[in-house]
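Read through the structure below, which is laid out as structure tokens, and then see the notes.
The values are calculated or read from the model by the stated rules, or taken from the named source; none is laboratory data. Everything quoted here is computed from the prediction, not taken from an experiment. Virtual Cβ from ideal backbone geometry, glycine too; neighbours counted across all protein chains shown.
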6 protein chains.
Amino acid sequence: MATVRLLSDEEATAEARAVFDDIRATRGTDYVNHFWRGLANDPQALAQVWQEVKSVMGPGSIDPLAKEMIYIAVSVANACTYCIHSHTAAARGKGMTDAQHSELMRIVGLAAKTNHLVNAMQLPVDEAFQVGTGRQS
Amino acid sequence: MATVRLLSDEEATAEARAVFDDIRATRGTDYVNHFWRGLANDPQALAQVWQEVKSVMGPGSIDPLAKEMIYIAVSVANACTYCIHSHTAAARGKGMTDAQHSELMRIVGLAAKTNHLVNAMQLPVDEAFQVGTGRQS
Amino acid sequence: MATVRLLSDEEATAEARAVFDDIRATRGTDYVNHFWRGLANDPQALAQVWQEVKSVMGPGSIDPLAKEMIYIAVSVANACTYCIHSHTAAARGKGMTDAQHSELMRIVGLAAKTNHLVNAMQLPVDEAFQVGTGRQS
Amino acid sequence: MATVRLLSDEEATAEARAVFDDIRATRGTDYVNHFWRGLANDPQALAQVWQEVKSVMGPGSIDPLAKEMIYIAVSVANACTYCIHSHTAAARGKGMTDAQHSELMRIVGLAAKTNHLVNAMQLPVDEAFQVGTGRQS
Amino acid sequence: MATVRLLSDEEATAEARAVFDDIRATRGTDYVNHFWRGLANDPQALAQVWQEVKSVMGPGSIDPLAKEMIYIAVSVANACTYCIHSHTAAARGKGMTDAQHSELMRIVGLAAKTNHLVNAMQLPVDEAFQVGTGRQS
Amino acid sequence: MATVRLLSDEEATAEARAVFDDIRATRGTDYVNHFWRGLANDPQALAQVWQEVKSVMGPGSIDPLAKEMIYIAVSVANACTYCIHSHTAAARGKGMTDAQHSELMRIVGLAAKTNHLVNAMQLPVDEAFQVGTGRQS
């Protein structure tokens, strides 16, 4: 059960339906997933978030599949069940292989481990990082 | 101030110094950053984490720079100050441009926003995601 | 499934039942929700938490509905499914309109986005914030 | 130290300076805080975030001070040092009293405590919450 | 539904099956739980994580039951549903009483509350903590 | 800088000073750390939190040092800088050895890694965990 109603096309306002239509056209499918149907309760927010997703996840300086993997990484750290499912599906749709998924999970797991080790040690930041010499943890 | 001592080469055990030396050889620099000097209080953990970092962040099926950006994304979501600094420096060392850094931040910011929107709505996962049709939030 | 048993009135100790009764009297309903039935395994904790909830969420200097929205905001950020459901229901019971729920979600989403942007940038705190001049991010 | 440069008016692009000017005009002050000077490295993101802040935090169905307190609550849960400082200053600028700040902290603290108790117990959501009867945890 | 397939013994590679066998031998049971069957998609990661679990959770300087309770505490704070279930079951298998479980939850709840209070107040760290005089919050 | 004033004995109310005195008597030291001096802005909250700390962290069914390590674990996961420092100092005051601190960090790091792996895989909970057979991840 959700805390908001998931609006069908018939229940959505004209403004929301226009976003649904753009989602369909952009993605080349009739399917509009729950995220958008929940957001449709606030048509202005729906339009804003969809524009932001199109802009941020569209062509840019980072590879589209890498973008989806970054999205998954944040969603895992924030424990967002729905987001992990939707963006893992999206990444697979963009060609993520099983090997890449496994490697992504290794990176996320290692980062979480070192994040917690570092927080436990409360380390001062190295001066060297300030000048961008490229040292990693 | 840290909760552990940052060990100099002289203070580290022989096992820890061997890891320091491998870090230096692998990275082609004399500099060993605070993370490793803190971990050196537990030489076995130091060796294990360094092996894991070398293995996970080494050559694989995901581009090395994309790996660093995934690492940054997790570290931001986990609010790890030191990790954000060290991996941003590492990403720059691997060629991350200002445009890519800006785009990374846009993705991380958008993901966090939709993570919270989705958590607030408590959306049920679409059946469609199960068959890997590649729809994103 | 839960990690603890949800105690019925018959299974609860006399101390726990007394808390159940106070919950019923305070809320004007016979229904005692799962949170209290789980906590009833530790009657002293049950009594302490109920007193704290009554004290903190009772009349004070912040509007009762605003208090519930603050509670939802924390629960969303901490990804607590049950809490999001229970406090969204509570907020609706205190008169939260659909427009207010939508606006709450926009604020939570924006805050999460800027939290992550700020963490990524590792910004130093402005001196100006110290004197309380009221500038926001 | 930050992971990006904080741009002065002279270093910012014309597009970024236009946002700075709108911030100044909207807030009635010459001071532009670090958040915007860091974001100015990505003028398009700067403009987008500023528009979103103006829209979301502007007049609506929730009291302006309650909005700031919700923002603080999310920022505390996400452990965003800068955000906590900037939005606490903003809330004080909008009239938050010491009593309200104390009460806000009590709510945030209680919510975090019950969030963790609930996560530990892994409680199933009550059917009653689905019909909006307004029961709280 | 999971984002990866849970591999049966027949579907797993020989390397993964060898880990399954070691899990069975170490634990004295035929049952291999979902975590390992999901990780089996990446046999090398499966082997690495199993070795780390055996090493870290095996005999050492901290009591085995205390180790499980620490594991639960982290899992609750990170909102990991599966982990909370699996490690609560593991702790019970190692003798955790109902009284200890209740006390664990009180500590986790209190820690979360003070964590959020402290984050809200943005307290400077006391000099006294640096010399290890043992003062607690 | 903090978002609240740290009150000296002279600035605190009589109610707050009485708590300071009880802290001193209970701990056998004159030193009152920043946490209590910040909370003293809300004397009622100060008294409530101090009572809860005394009750929860006092004698019970879990070893006092294990309690402190659980507290540290939650604080690390919640990225609370001050709390990590104060409770690491407290644990050392209660006899935590360097070996135990190292082992604690290994557990916390491993838990965080598996928490993220599990969240990424979105595993269904095993039926076996429901009957308390004691299997761990």
Out of (1) over 15 Å from the mean Cα position of the chain (by Cα); (2) outside the structural domain of D:Phe20 (by TED's automatic domain parsing); (3) assigned to a helix (DSSP H, G or I), the one D:Ser86 does not meet is (1)
Filtering region F:6-27 down to residues that are touching a helix residue (DSSP H, G or I) at 6+ places or on another chain (Cβ under 8 Å) and outside any helix (DSSP H, G or I) yields F:Leu6, F:Leu7, F:Ser8, F:Asp9, F:Ala12, F:Thr13
Exactly one of A:Ala111, A:Ala77, A:Ala18 is among the hydrophobic types (A, V, I, L, M, F, W, C) and either out of contact with any His (no Cβ under 9 Å at 6 or more places or on another chain) or on the phi > 0 side of the Ramachandran plot (or both), and that one is A:Ala18
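Among the residues of region F:11-26, count how many are among the aliphatic types (A, V, I, L, M) and within 13 Å of chain D (Cβ to nearest Cβ). Working first, answer last.
Taking region F:11-26 as the starting set, the residues that turn out to be among the aliphatic types (A, V, I, L, M) are F:12, F:14, F:16, F:18-19, F:23, F:25.
Still in the list and also within 13 Å of chain D (Cβ to nearest Cβ): F:16.
The total comes to 1.
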For region E:105-120, pairs from a residue that is in the same structural domain as E:Ser75 (by TED's automatic domain parsing) to a residue that is basic (Lys, Arg) and modelled with pLDDT of 95 or more, with Cβ under 8 Å and 6 or more apart or across chains, are E:Ile107/F:Lys67; E:Gly109/D:Lys113; E:Leu110/D:Lys113; E:Ala112/D:Lys113; E:Lys113/D:Lys113
Considering region C:89-102, residues that are in a helix (DSSP H, G or I) and of a type in the set (D, E, K, R), and then whichever is farthest from the other protein chains (Cβ to nearest Cβ), we arrive at C:Asp98
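Residues are listed down the side, and each one gets a yes or a no for (1) buried (at least 24 other Cβ atoms within 10 Å of the Cβ); (2) out of contact with any helix residue (DSSP H, G or I) (no Cβ under 6 Å at 6 or more places or on another chain); (3) at pLDDT 95 or above:
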| position | (1), (2), (3) |
| --- | --- |
| F:Ala77 | yes, no, yes |
| F:Cys83 | yes, no, yes |
| F:Ala91 | yes, no, yes |
| F:Lys94 | no, no, yes |
| F:Ala99 | no, yes, yes |
| F:Ala112 | yes, no, yes |
| F:Asn119 | yes, no, yes |
| F:Leu123 | yes, no, yes |
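How many residues does region E:74-127 hold that are among the hydroxyl-bearing types (Ser, Thr, Tyr) and in contact with a Lys or Arg (Cβ under 8 Å, 6 or more places away or on another chain)? Break it down into steps so the answer makes sense when it comes.
First, the residues of region E:74-127 that are among the hydroxyl-bearing types (Ser, Thr, Tyr): E:75, E:81-82, E:86, E:88, E:97, E:102, E:114.
Filter once more, so that each one left must be in contact with a Lys or Arg (Cβ under 8 Å, 6 or more places away or on another chain): E:86.
Of the residues in that region, 1 qualify.
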Based on this model, can you work out whether F:Met105 counts as outside any helix (DSSP H, G or I) and surrounded by 20 or more Cβ atoms within 10 Å (Cβ to Cβ)?
no
The condition of being at pLDDT 95 or above and either surrounded by fewer than 20 Cβ atoms within 10 Å (Cβ to Cβ) or in contact with a strand residue (DSSP E or B) (Cβ under 9 Å, 6 or more places away or on another chain) (or both) holds, among D:Ala12, D:Ala18, only for D:Ala18
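Do we have B:Ala79 as aliphatic (A, V, I, L, M) and part of a helix (DSSP H, G or I) here?
No: the conditions fail for B:Ala79.
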**Asked** Do we find that C:Thr3 is among the hydroxyl-bearing types (Ser, Thr, Tyr), free of Cβ contacts under 8 Å to residues at least 24 places away in the same chain and closer than 21 Å to D:Gln130 by Cα in this structure?
**Response** no
E:Asn78 meets each of (1) out of contact with any Leu (no Cβ under 9 Å at 6 or more places or on another chain); (2) within 24 Å of F:Arg92 (Cα to Cα) with one exception, condition (2)
| said: Going by what's in this entry, would A:Lys54 be described as surrounded by fewer than 20 Cβ atoms within 10 Å (Cβ to Cβ) and under 14 Å from the mean Cα position of the chain (by Cα)? | reply: yes
Across (1) modelled with pLDDT under 95; (2) in contact with a Ser or Thr (Cβ under 7 Å, 6 or more places away or on another chain); (3) surrounded by fewer than 23 Cβ atoms within 10 Å (Cβ to Cβ), D:Ser137 clears everything bar (3)
Per the filter on region D:57-75, residues surrounded by fewer than 24 Cβ atoms within 10 Å (Cβ to Cβ), assigned to a helix (DSSP H, G or I) and not aliphatic (A, V, I, L, M) are D:Pro64
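Step by step: first the residues of region C:28-51, then only those that are assigned to a helix (DSSP H, G or I) and either in contact with a strand residue (DSSP E or B) (Cβ under 6 Å, 6 or more places away or on another chain) or of a type in the set (A, V, I, L, M, F, W, C) (or both), then the one that is surrounded by the fewest Cβ atoms within 10 Å (Cβ to Cβ). Which residue is that? I'd like the intermediate steps shown before the answer.
Residues of region C:28-51 assigned to a helix (DSSP H, G or I): C:34-39, C:43-51.
When the remaining residues are screened for being either in contact with a strand residue (DSSP E or B) (Cβ under 6 Å, 6 or more places away or on another chain) or of a type in the set (A, V, I, L, M, F, W, C) (or both), the result is C:35-36, C:39, C:45-47, C:49-50.
Working: C:Phe35: 26, C:Trp36: 21, C:Leu39: 30, C:Ala45: 20, C:Leu46: 26, C:Ala47: 17, C:Val49: 22, C:Trp50: 20.
Per the stated criteria, the residue is C:Ala47.
Restricting attention to region D:108-131, report how many residues are among the acidic types (Asp, Glu) and not in a helix (DSSP H, G or I).
Just the residues of region D:108-131 that are among the acidic types (Asp, Glu), to begin with: D:126-127.
Okay, now just the ones that are also not in a helix (DSSP H, G or I), so D:126.
Within region D:108-131, residues that are among the acidic types (Asp, Glu) and not in a helix (DSSP H, G or I) number 1.
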Just one listed residue, out of D:Ser75, D:Ser86, D:Ser8, D:Ser61, is hydroxyl-bearing (Ser, Thr, Tyr) and more than 8 Å from chain C (Cβ to nearest Cβ), and it is D:Ser8
